[in-house]
Structures are given as C-alpha cells and as structure tokens.
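S.K.: A single structure is presented below for examination.
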Amino acid sequence: MSHQPDHFSVRRVVLPSGKTIEVMLFEQAPARPMSFSATGLHVCPTCASELVHPIAWSEHGRELWEVTLRCPECHAFTTGVHHQTVVEALDIELDRGTDALVADLRRLVEANTEDEIARFAAVLQSDLLLPEDF
C-alpha cells in the first residue's frame, strides 16, 4: 500500500482544444535550498556585489521557488530553491533598485535638458540661429 502526501493543490488547466483538465500537484520536500547569507539573494556570494538579479524562476512546490541568479559584476550564476519569503525580499530589493535607477534617470534627463536649453538660449542671444538651420 502506497502512502500519498497529505498536502496537494489542484489547478485547472484549459487546453488549446478548449477542454479543461484538473492537475493535482503534490508537495515534495525541497531539493536542498541554497544557502545565502542574511544579506539576501541580491548580494553575490562570490564578490559581494549588491546587483544580483534573477534571470529565470519557476515554482518548486508550495511556497518554494527555484531561482537562477546572475551577478553582472563577476558574471557568476547560481541556481537554488528558496522559500517564498526570501524571494519576496529579493523582489523588494529589485523594486528599490528600479526606483533608484528611475530617480537617477530623471536627474540625468533634467540636467541634460537644462544644458540644452542654456545652449539654445545662448545661440538665440548671439543671433547665430539662421532660417537654414531648420
């Protein structure tokens, strides 16, 4: 007599033909979660860069994710199984990084625009703009 796991989930899948099937997913023990320091998944275990980002991910049971991470500084790749809360913490760090990049981009665009306006105003004041410039 075989013993089936007590924890499972049921998902309905609609096939291209339109037929609907139910798929039962049985929870399995994780395949040994990768050990990262308390600093989080965004920190490279090889070079300590804080720019690590996911390049692939997939569900690996209930509340577990298999994530492949890449470090843009030392080009290291790591793949591991992590709990949902650890992956959510990575997502928060990625959002913070995105916000910082957007803020830097806005400052750069503003500085470039101010510079362009100043140069254009100088050309206008010097009467160096001619009709053939258009």
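One line per residue, one yes/no per condition, for (1) in contact (Cβ under 8 Å) with a residue 60 or more places away in the chain; (2) among the hydrophobic types (A, V, I, L, M, F, W, C); (3) farther than 25 Å from residue 46 by Cβ; (4) not in a helix (DSSP H, G or I):
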| position | (1), (2), (3), (4) |
| --- | --- |
| 69 | no, yes, no, yes |
| 72 | no, no, no, yes |
| 86 | no, yes, no, no |
| 89 | no, yes, no, no |
| 96 | no, no, no, no |
| 99 | no, no, yes, no |
| 108 | no, yes, yes, no |
| 122 | no, yes, yes, no |
| 129 | no, yes, yes, yes |
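S.K.: With the checklist (1) touching a Lys or Arg at 6+ places or on another chain (Cβ under 7 Å); (2) surrounded by 13 or more Cβ atoms within 10 Å (Cβ to Cβ) in hand, flag the one item residue 70 doesn't pass.
M.R.: (1)
S.K.: I want to confirm something. Restricting to region 79-93 and keeping residues that are touching a His at 6+ places or on another chain (Cβ under 7 Å) and within 16 Å of residue 39 (Cβ to Cβ), which single residue is surrounded by the most Cβ atoms within 10 Å (Cβ to Cβ)?
M.R.: The residue in question is 90.
S.K.: Sticking with this one: Restricting attention to region 41-84, and to residues there that are touching a strand residue (DSSP E or B) at 6+ places or on another chain (Cβ under 9 Å) and of a type in the set (Val, Ile, Thr), which single residue is farthest from residue 9 (Cα to Cα)?
M.R.: That would be 46.
One line per residue, one yes/no per condition, for (1) within 17 Å of residue 93 (Cα to Cα); (2) within 26 Å of the chain's Cα centre (by Cα); (3) at pLDDT below 90:
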site	(1), (2), (3)
5	no, no, yes
14	no, no, yes
20	no, no, yes
26	no, no, yes
43	yes, yes, no
47	no, yes, yes
58	no, yes, no
67	yes, yes, no
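The values are calculated or read from the model by the stated rules, or taken from the named source; none is laboratory data. On a predicted model such as this, the values are computed, not experimentally measured, just so you know. Counting neighbours? That spans all protein chains shown, and the Cβs are built from the backbone with ideal geometry, glycine included.
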